[in-house]
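Student: Let me begin by handing over the structure; questions about it come next.
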Amino acid sequence: IRKKGCDYKAGKVMLKKGKILRSTDIALLASMNFPLLEVTRRPRVSIISTGDELVFPGNLPKNNQIVASNTYGLKALLNKWGAISHILPIARDNKTSLKKALDFAVPADLVITIGGASVGDHDYVSEVFNEINVEHSFYKVAMRPGKPILAGKNKDTIFVGLPGNPVSALVCAHLFLKPLIGKMLGTNELDNIERKGLLQSDLPENGVRKHFMRASIKNGHLVVSKNQDSSLLSVLQKASALVIRQPNELPAKKGDLISYLELD
C-alpha cells in the first residue's frame with residue numbers, strides 16, 4: 001500500500017520534449033495511463049557500399065577483393081542511435097551502377113555512400129551527386145581519419161559520402177552522423193560532448209590535420225593505441241574513446257589533461 005501521489009502529482013512535468021525514451025520512461029508513461037504517445041518518426045536511412053573490390057560477408061573474396069565490413073558496423077550504429085537503416089546492393093565502379101543504387105535508395109531521409117569519395121580514377125560519388133542535383137554542403141575535412149567525406153541535400157533527403165577505409169567510415173559516423181540523427185529525432189542526447197582525461201603515455205607533435213586517435217580508458221587514464229592505421233578495425237573494436245589532437249598541437253606528456261570523445 002502506497003500513499004496517493006507519492007510518486008508524482010498532477011501538473012508536474014515528468015518528461016520533456018526531445019528525450020530519447022528508455023524502458024523506465026515507457027514504464028512511467030504507462031503508469032500515468034498513456035496508452036498512446038506522439039513521438040518523432042525514426043529517420044529512414046539507405047546505405048550503399050561502392051567498389052568492385054567489395055563482396056558481402058558469406059561470399060568468397062577473390063585475390064583483389066575484400067569483405068564489406070564497415071557497412072554492417074554502420075547499420076548497427078545507426079539503428080542503435082534510433083534510425084531505421086537498410087543495406088542496399090553494392091554499387092560497382094561505374095556511374096551507371098551508382099546512379100541505379102541511388103535510385104533504389106530514395107525515398108529516404110538520409111542516403112549514405114561508403115567509398116568512392118576521394119580523387120581516384122573510379123571515385124564517382126561527388127560527380128554523381130552533382131548529376132542528381134545534390135547541393136553540396138561540404139567536401140573534404142581537415143581531419144584524420146576521414147578526410148574524404150562529403151555531404152549535401154536534394155529536397156528533403158540528405159546525402160553523405162563516407163570514406164571507404166573501415167575506421168575512417170565509422171569514426172566519421174560518430175562525429176557527423178550521430179549528431180545528425182539526433183537533429184532528425186529532435187534531441188540533443190546524441191551530441192558529441194568533449195571530456196577531459198589524463199594521458200597514460202607521451203604523444204608526439206600532431207600534424208596539420210585534426211586527429212581523432214583511438215584510445216581506451218583504463219583506471220581513469222587514456223591509453224592511446226600505438227597503431228592508428230585507418231584499416232585496422234581490431235584497434236577500433238578495442239577502443240572506448242577518441243583522443244582529440246588539434247592541428248599542429250605540441251607534444252603531450254604522460255599525465256597531461258587531454259580532450260576526448262566517448263565511443264558509444
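Student: Would you mind classifying the chain by shape? Square roots of the alpha carbon gyration tensor eigenvalues, ordered a ≥ b ≥ c; an a/c under 1.5 is rounded, otherwise it is prolate if a/b is larger than b/c and oblate if not.
Tutor: oblate
Student: In addition: According to the Cα gyration tensor, what semi-axes, each the square root of 5 times an eigenvalue, does the equivalent ellipsoid of region 169-264 have, listed from largest to smallest in whole Å? Display every interim value, and only then the final one.
Tutor: On the way: eigenvalues 108, 42, 38 Å².
After diagonalising the Cα gyration tensor, the semi-axes are 23, 14, 14 Å.
Student: Once amide H atoms are placed 1.01 Å from N in the peptide plane, what residues at a sequence separation of 5 or more from L232, or on another chain, have their amide H within under 5 Å of its amide H?
Tutor: Amide H neighbours of L232: V167.
Student: Ok, one more. Distance cut-off 21 Å, Cα to Cα: go down the list K99/K155; K75/K178; K9/K183; K19/K147; K16/K75; K17/K183 and report the pairs above it. All intermediate terms of the calculation are to be shown ahead of the outcome.
Tutor: Working: K99/K155 17 Å; K75/K178 12 Å; K9/K183 32 Å; K19/K147 32 Å; K16/K75 28 Å; K17/K183 13 Å.
From K99/K155; K75/K178; K9/K183; K19/K147; K16/K75; K17/K183, over 21 Å: K9/K183; K19/K147; K16/K75.
Student: Turning to a different aspect of this structure: Counting Lys +1, Arg +1, Asp -1, Glu -1, what net charge surrounds S201 among other residues with beta carbon under 13 Å of its beta carbon?
Tutor: Details: positive: K218, K226, K253, K254; negative: D202, D256.
For residues surrounding S201, the net value is +2.
Student: So if I take the centroid of the Cα atoms in region 51-94 and the same for region 202-225, what is the distance between those two points in Å?
Tutor: Result: 28 Å between the Cα centres.
Student: Okay, moving on. Tell me, what HN-Hα J-couplings in whole Hz come from the Karplus equation 6.51 cos²θ - 1.76 cosθ + 1.60 at θ = phi - 60° for each residue of region 209-223, using x for Gly and Pro?
Tutor: Taking θ as phi minus 60°, the curve returns 9, 4, 10, 9, 9, 5, 8, 10, 9, 10, 6, x, 10, 8, 9 Hz for region 209-223.
Student: Sorted by accessible area with a 1.4 angstrom probe, largest first, how do T40, T24, T71 fall?
Tutor: Solvent-accessible surface, decreasing: T24, T40, T71.
Student: Tell me, what ³J(HN,Hα) does each residue in region 52-69 have, in order and in whole Hz, if you take phi through Karplus 6.51 cos²θ - 1.76 cosθ + 1.60 with θ = phi - 60° and put x for Gly and Pro?
Tutor: Per residue, the Karplus-derived 3J(HN,Hα) values read 5, 7, 9, 9, 6, x, x, 9, 8, x, 7, 4, 9, 10, 9, 7, 6, 9 Hz.
Student: Tell me the net charge near G164. Cut-off is 13 Å between Cβ atoms, G164 excluded, with +1 for each Lys or Arg and -1 for each Asp or Glu.
Tutor: Working: positive: K147; negative: D52, E53, D93, D123.
Net charge around G164: -3.
Student: Starting from the Cα of I193, step 7 Å along the direction of its Cβ; do the same at N59; then give the gap between the two resulting points in nm.
Tutor: The modelled label-to-label distance comes out at 4.3 nm.
Student: Using θ = phi - 60° and the Karplus form 6.51 cos²θ - 1.76 cosθ + 1.60, what ³J(HN,Hα) does each residue of region 250-264 get, whole Hz, x for Gly and Pro?
Tutor: Values per residue, Gly and Pro as x: 5, x, 10, 10, 3, x, 5, 7, 9, 7, 7, 10, 6, 9, 9 Hz.
Student: To continue, here is another question. Measuring from a point 7 Å past the Cα of E262 along Cα-to-C-beta, which residues in region 182-205 have an amide N at less than 16 Å?
Tutor: 188-198
Student: So which trypsin sites (Lys or Arg not before Pro) in region 168-228 end up in coil per DSSP with only 10 or fewer other C-beta atoms within 10 Å?
Tutor: Answer by residue number: K226.
Student: Continuing with this model, one more query. Need one number: the % of Cα-Cα pairs in region 69-134 sitting beyond the 15 Å mark.
Tutor: It works out to 54 percent of all Cα pairs.
Student: If I stretch the segment between T24 and V106 completely, what's the gain in nm (0.36 nm per residue apart, minus their alpha carbon distance), one decimal?
Tutor: On the way: separation 82, 0.36 × 82 = 29.52 nm, distance 3.53 nm.
Extra length from T24 to V106 when fully extended: 26.0 nm.
Student: Measuring with a 1.4 Å probe in the full set of protein chains, what accessible area per residue, in whole Å², belongs to region 154-264?
Tutor: 50
The values are calculated or read from the model by the stated rules, or taken from the named source; none is laboratory data. Not measured: the values here are computed from a predicted model. Backbone-built Cβ (ideal geometry, glycine too); neighbour counts: all protein chains shown. Protein only, heavy atoms only, side chains kept; ligands, DNA and RNA dropped before computing areas. Shrake-Rupley method; radii C 1.70, N 1.55, O 1.52, S 1.80 Å.
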